[in-house]
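Peer 1: A single structure is presented below for examination.
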Amino acid sequence: MKEITRRLAEELNLPQDVVLKSYKAYWKFIRHTIEELPLKEDMDEGAFNELRPNFNIPNLGKLVCPYDRYIGQKKKNQLIKDRYVEHKEDKANG
């Protein structure tokens, strides 16, 4: 990472710490934006698609969350939650 930021800093004629801070800010923005999405709420496909939960990252590809994956994750999370509650109740009654 240091070598890449050093070379890029030389190429752009910028201080290396500016290059590194810019890179970190880029990923921090993406993370913050994803965390702010109301993905724990129940929503239909139209409302989900309005959120624009996708990022096109140059030279890396597209970071996507399609609606069917969103629904699958919600079902999986609910199943885990239900099993945890059952397990917790069984232990309490046990």
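Peer 1: Among the residues of the stretch 1-55, count how many are farther than 26 Å from Y67 by Cβ, of a type in the set (A, V, I, L, M) and either touching a residue at least 60 places away in the same chain (Cβ under 8 Å) or outside any helix (DSSP H, G or I) (or both).
Peer 2: Adding up the residues that qualify gives 2.
Condition check ((1) surrounded by 10 or more Cβ atoms within 10 Å (Cβ to Cβ); (2) not assigned by TED's automatic domain parsing to the domain that holds Q73) across all residues:
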{"position": "K2", "(1), (2)": "no, yes"}
{"position": "R7", "(1), (2)": "yes, yes"}
{"position": "V19", "(1), (2)": "yes, yes"}
{"position": "I30", "(1), (2)": "yes, yes"}
{"position": "E50", "(1), (2)": "no, no"}
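Peer 1: Moving on to the next point. Which members of the stretch 56-86 meet the condition of being in a helix (DSSP H, G or I) and either in contact (Cβ under 8 Å) with a residue 60 or more places away in the chain or in contact with a strand residue (DSSP E or B) (Cβ under 9 Å, 6 or more places away or on another chain) (or both)? Walk me through how you get there before you give the answer.
Peer 2: Residues of the stretch 56-86 that are in a helix (DSSP H, G or I), as a first pass: 67-86.
Those that are in a helix (DSSP H, G or I) and either in contact (Cβ under 8 Å) with a residue 60 or more places away in the chain or in contact with a strand residue (DSSP E or B) (Cβ under 9 Å, 6 or more places away or on another chain) (or both): none in the stretch 56-86.
The values are calculated or read from the model by the stated rules, or taken from the named source; none is laboratory data. Predicted, not measured: the structure shown is a model, and the values here were computed from it. Please note: Cβ atoms are built from the backbone with ideal geometry, for glycine as well, and neighbour counts cover all protein chains shown.
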